[in-house]
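Working notes, beginning with the structure itself.
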Amino acid sequence: MFSFTLTLDPKARTPMYEQLYRAVAGAIRDGGLQNGEKLPSKRELCARLGVSRATAEAAYELLLAEGYVISRPRSGYYVSDYIALPGETPVPRSSCARPEPIPAQLFSTSAVDVSAFPYASWAKLYKEVVYNSPELLQRGDPQGEAGLRNALAVLLSEYRGVRCSADQVVVGSGMETLMGQLITLLGTKAVYAMEDPGYPAVERSLLARGQTVRYVPMDEAGMDADALAASGATVAYLTPSHQFPMGVTMPASRRSRLLHWAVAGGGWIIEDDYDSEFRYGGRPISSMQGMDRHGRVIYAGTFSRSLAPAIRLAYMVLPEALLPRWQALYGGQQPTVSRYEQTVMARFLDGGFYARYLRRVGNLYAARRAALLEALGRIDGLTVTGADGGIHFLLTLPRLSERELLDRAAAAGLPLRGLSAYCHAISPRPSTLVVGYGGLPTEQIPDTVRRLAEAWA
């Protein structure tokens, strides 16, 4: 029987939450904790071990994300059905299950944890579709498979408060494809307002097609409404759920003002809901599209952040007024996403696989975020903002300039990006970096942050 009276060392390089995680995971692997055995509550664990609630929560969330334990509502945590292999030693699963990433991916804002990808479920569905649906070899609907558009309409209604029918959903091979369609759809004379600082990929798409771009500054609530009105823009591109890169969640009052701008001037809002699936500071505000009663918001999303970048499947919800023009321009073309992949995704959504996967990977990212924030909190003078959602945040260390932070981190083999890389007409917040953690393995956090601390000392 495993004893929860173990001693944790607060002075060790390994954080206490990870010491606890490794001890419990090891006990499960070597049989000290049996399948179905109930674990102490977080409150009881804090009392027994003298640790903070944050330490207990981080350890349990990591155990949950790694599949060592399960959570039963109003009951607590229990050991999952883990079968030890012959001769297996109590090494945490995370230390051997995923390969070493290249250093450039450690803090990349576009990286995700592909070890969490539901390989078995996806492969099973794909095999079923390929063997049982020969009709998918024929020409498909350029707007997207009806089954997938129906599944997306249900998903977006339930989770994001989007008001739409399946007829309004358009499926495309990534946001670049959909943005190209929107640029043509809204006309070459459109003037686009971009958040400053903002998402560079969309800006590149606009400039590559010769569109006029206006950079509108951000404040603590999102895009500045007065500056937008003065910019002369006719289309505003926004990331209101978790603004990139500032991490701001736009409050309802600001959303209302921007919607009023669109209605009063006949403008359009492109709402990119790129990482709304991950939220740690409470329930996210529903989509702007759900607040829109005048058909001025084009809602867009993708699976590249929640599942994997290689899944080039994005979608947008067009206002009904734009549908006839879209059909006239693109209704005769071939779909840009394989019919097989669309059908697999539809079954993945309808079968509840996606919802279960989001719960699992959400727990994984929550535990990783907690571990990273705990480790960074030991660096004197360092502050973190924008960490309530998504898989990136801002890090500020005033005693060094942004250039010094970047150069010293790079010399330690840890490339990062400064906030200035995303700014145009404004001066960036000094001494601030943009830190992604989707591709940072949790077990590498202590050593990685130690190297940063030494580089910045």
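The values are calculated or read from the model by the stated rules, or taken from the named source; none is laboratory data. All values reported here derive from a predicted model rather than from experimental measurement. Neighbour counts run over all protein chains shown; Cβ positions are idealised from the backbone, glycine included. All accessible areas refer to the heavy atoms of the entire protein, side chains included, with ligands and DNA or RNA removed. Shrake-Rupley method; radii C 1.70, N 1.55, O 1.52, S 1.80 Å.
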Among the residues of segment 253-287, what is the count of those that are closer than 17 Å to L228 by Cβ and either open to solvent by 50 Å² or more (accessible area, probe 1.4 Å) or not in a loop (DSSP other than H, G, I, E, B) (or both)? 18
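Find the residue count for segment 429-451, including only residues that are of a type in the set (A, V, I, L, M, F, W, C) and part of a strand (DSSP E or B). Outline the logic, then answer.
Filtering segment 429-451 for residues of a type in the set (A, V, I, L, M, F, W, C) gives 433-435, 440, 445, 449.
If we keep only those that are part of a strand (DSSP E or B) too, we end up with 433-435.
Number of matching residues: 3.
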Specify the residue that is nearest to R450 (Cα to Cα); the eligible residues are those in segment 364-380 that are in contact with a strand residue (DSSP E or B) (Cβ under 9 Å, 6 or more places away or on another chain) and not aliphatic (A, V, I, L, M). G377
If you take the residues in segment 182-239 that are within 22 Å of A264 (Cβ to Cβ) and acidic (D, E), which one is least open to solvent (accessible area, probe 1.4 Å)? E195
Suppose we filter E100, E66, E57 for residues that are more than 20 Å from A25 (Cα to Cα), at pLDDT below 80 and of a type in the set (D, E); which single one remains? E100
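To keep it simple, each residue is scored yes or no on (1) among the small types (G, A, S); (2) closer than 16 Å to F107 by Cα; (3) more than 24 Å from the chain's Cα centre (by Cα).
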position: L373; (1), (2), (3): no, yes, no
position: H392; (1), (2), (3): no, yes, no
position: G413; (1), (2), (3): yes, yes, yes
position: E454; (1), (2), (3): no, no, yes
Residue count for segment 137-181, restricted to those that are in contact with a Lys or Arg (Cβ under 6 Å, 6 or more places away or on another chain), surrounded by fewer than 18 Cβ atoms within 10 Å (Cβ to Cβ) and under 20 Å from D350 (Cβ atoms): 1
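On the basis of being free of Cβ contacts under 8 Å to residues at least 40 places away in the same chain, of a type in the set (A, V, I, L, M) and farther than 18 Å from H392 by Cβ, does A201 make the cut? I'd like the intermediate steps shown before the answer.
On the way: free of Cβ contacts under 8 Å to residues at least 40 places away in the same chain: yes; of a type in the set (A, V, I, L, M): yes; farther than 18 Å from H392 by Cβ: no.
When the stated conditions are applied, A201 does not pass them.
Residue-wise test of (1) in contact with a Phe, Trp or Tyr (Cβ under 7 Å, 6 or more places away or on another chain); (2) in contact (Cβ under 8 Å) with a residue 12 or more places away in the chain; (3) on the phi < 0 side of the Ramachandran plot; (4) not in a helix (DSSP H, G or I).
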| residue | (1), (2), (3), (4) |
| --- | --- |
| P10 | no, no, yes, yes |
| Y17 | no, yes, yes, no |
| L20 | no, yes, yes, no |
| G32 | yes, yes, yes, yes |
Where the second residue is open to solvent by 20 Å² or more (accessible area, probe 1.4 Å) and hydroxyl-bearing (S, T, Y) and the first is within 15 Å of D275 (Cα to Cα) and lies in segment 346-367, which pairs have Cβ atoms under 6 Å and are six or more apart or on separate chains? A366/Y280
Pairs, please: C-beta under 9 Å, at least 6 apart or cross-chain, first residue within 24 Å of R279 (Cβ to Cβ) and in segment 390-418, second of a type in the set (D, E, K, R) and in a helix (DSSP H, G or I)? I391/R368; I391/R369; F393/R369
Out of all the residues in segment 353-376, is one or more in a loop (DSSP other than H, G, I, E, B) and either modelled with pLDDT of 95 or more or in contact with a helix residue (DSSP H, G or I) (Cβ under 7 Å, 6 or more places away or on another chain) (or both)? no
Contacts under 6 angstrom Cβ, first residue in segment 34-56 being touching a residue at least 12 places away in the same chain (Cβ under 8 Å) and over 17 Å from A371 (Cα atoms), partner assigned to a loop (DSSP other than H, G, I, E, B) and open to solvent by 40 Å² or more (accessible area, probe 1.4 Å), 6 or more apart: N35/D81
Somewhere in segment 301-310, is a residue assigned to a strand (DSSP E or B), surrounded by 16 or more Cβ atoms within 10 Å (Cβ to Cβ) and under 23 Å from the mean Cα position of the chain (by Cα)? yes
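If I ask for residues that are open to solvent by less than 10 Å² (accessible area, probe 1.4 Å) and assigned to a loop (DSSP other than H, G, I, E, B), which ones from segment 41-73 would you list?
Just the residues of segment 41-73 that are open to solvent by less than 10 Å² (accessible area, probe 1.4 Å), to begin with: 45, 55-56, 58-60, 62-63, 68-69.
Y68, the sole residue that qualifies.
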Could you say whether any residue in segment 397-404 is open to solvent by less than 30 Å² (accessible area, probe 1.4 Å) and under 30 Å from Q19 (Cα atoms)? yes
